[in-house]
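Engineer: Next up is a structure, given as structure tokens.
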Amino acid sequence: MKKLLILLLIVPMIGFSQDTNANVNLNQTIGFAKTQGLTYLGGGIYKIKKTSIGLRGKKWLEKDIRNQIEELAKRQGLKYEIINVENYTTGTLDPNVEISFKLKTLDGTTLVSKEEAKKEILRLKELVNLGIITQEEFDKKVESLKKILLGD
């Protein structure tokens, strides 16, 4: 009887895991589909944060988030770079994992929002006008930014 009672108390906890951040639709920033727990921090940096309720620990959460990042990048035909992994526990003893990462195009350019792409193009154009970089260097750097800005 004790085993059944323990089983009935533990089993529901195993299956529950929640995202602490609201879902963010990145169509407004760079055209991504909705991804749970994903937040755009700016500068091409994203974060996914999850909290586990029950018996799932930090290692499971980290693996789950890494799989989510890999799937997101794969769906979009992108590469990714993990910047930071934070494992911590709140006062409720529920483990939290937060992973920050950059999404990159296949040529290694960091994916940024349309507004950031526009600012970077203007900054690069100013460098060309000042003679700091050549027109060829400008064209090479701006190619991927134009794709982001124009939505191609």
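The values are calculated or read from the model by the stated rules, or taken from the named source; none is laboratory data. Keep in mind that what you see is a predicted model, and the values were worked out from it rather than measured. With ideal geometry, Cβ positions are generated from the backbone for all residues, glycine too; neighbour counts draw on all protein chains shown. When the accessible area is computed, the model is the full protein with side chains, heavy atoms only, and any ligands, DNA or RNA have been set aside. Shrake-Rupley method; radii C 1.70, N 1.55, O 1.52, S 1.80 Å.
Engineer: Over the range 54-102, what is the mean sequence separation of C-alpha contacts under 8 Å (at least six apart), divided by residue count, expressed as relative contact order in percent?
Structural biologist: Contact order relative to length: 39 percent.
Engineer: A further question follows. If you roll a 1.4 Å probe over the range 72-149 with all protein chains in place, what percent of the accessible area is carbon or sulfur?
Structural biologist: Taking all protein chains in place, the range 72-149 shows 51 percent carbon and sulfur surface.
Engineer: List the residues whose amide H sits under 5 Å from the amide H of Leu38, counting only those 5 or more places along or on another chain, with H placed 1.01 Å from N in the peptide plane.
Structural biologist: HN-HN under 5 Å from Leu38: Val24.
Engineer: While we're looking at this one, here's another question. Using a 1.4 angstrom probe and counting only protein chains, how large is the accessible area of Thr89 in Å², to 10?
Structural biologist: Only protein atoms counted, so the area is about 60 Å².
Engineer: Report relative contact order for the range 72-142 in percent, whole number only (criteria: Cα-Cα under 8 Å, sequence separation at least 6).
Structural biologist: 22 percent
Engineer: Next question. Give the long-range amide H neighbours of Ser113: residues separated by 5 or more places, or on another chain, with amide H under 5 Å away, using H modelled in the peptide plane at 1.01 Å from N.
Structural biologist: Sorted by chain and number, the residues that satisfy this are Gly43, Gly44.
Engineer: What ³J(HN,Hα) values, in whole Hz, does the Karplus curve 6.51 cos²θ - 1.76 cosθ + 1.60 give for the range 129-141 when θ = phi - 60°, with x put for Gly and Pro?
Structural biologist: 4, 7, x, 6, 10, 7, 4, 5, 5, 4, 4, 5, 6
Engineer: Longer than 19 Å from Cα to Cα, which of Lys74/Lys146; Lys58/Lys102; Lys47/Lys102; Lys63/Lys114 are they? Say none if no pair is.
Structural biologist: Those over the limit are Lys74/Lys146; Lys58/Lys102; Lys63/Lys114.
Engineer: Round to the nearest 0.05 the FRET efficiency obtained for Thr110 and Gln36 when R0 = 22 Å and r is the Cβ-Cβ distance.
Structural biologist: FRET efficiency, Thr110 to Gln36: 0.45.
Engineer: Taking all protein chains together and a probe of 1.4 Å, list Tyr40, Tyr46, Tyr80 from the most accessible to the least accessible.
Structural biologist: Heavy-atom accessible area, descending, gives Tyr80, Tyr40, Tyr46.
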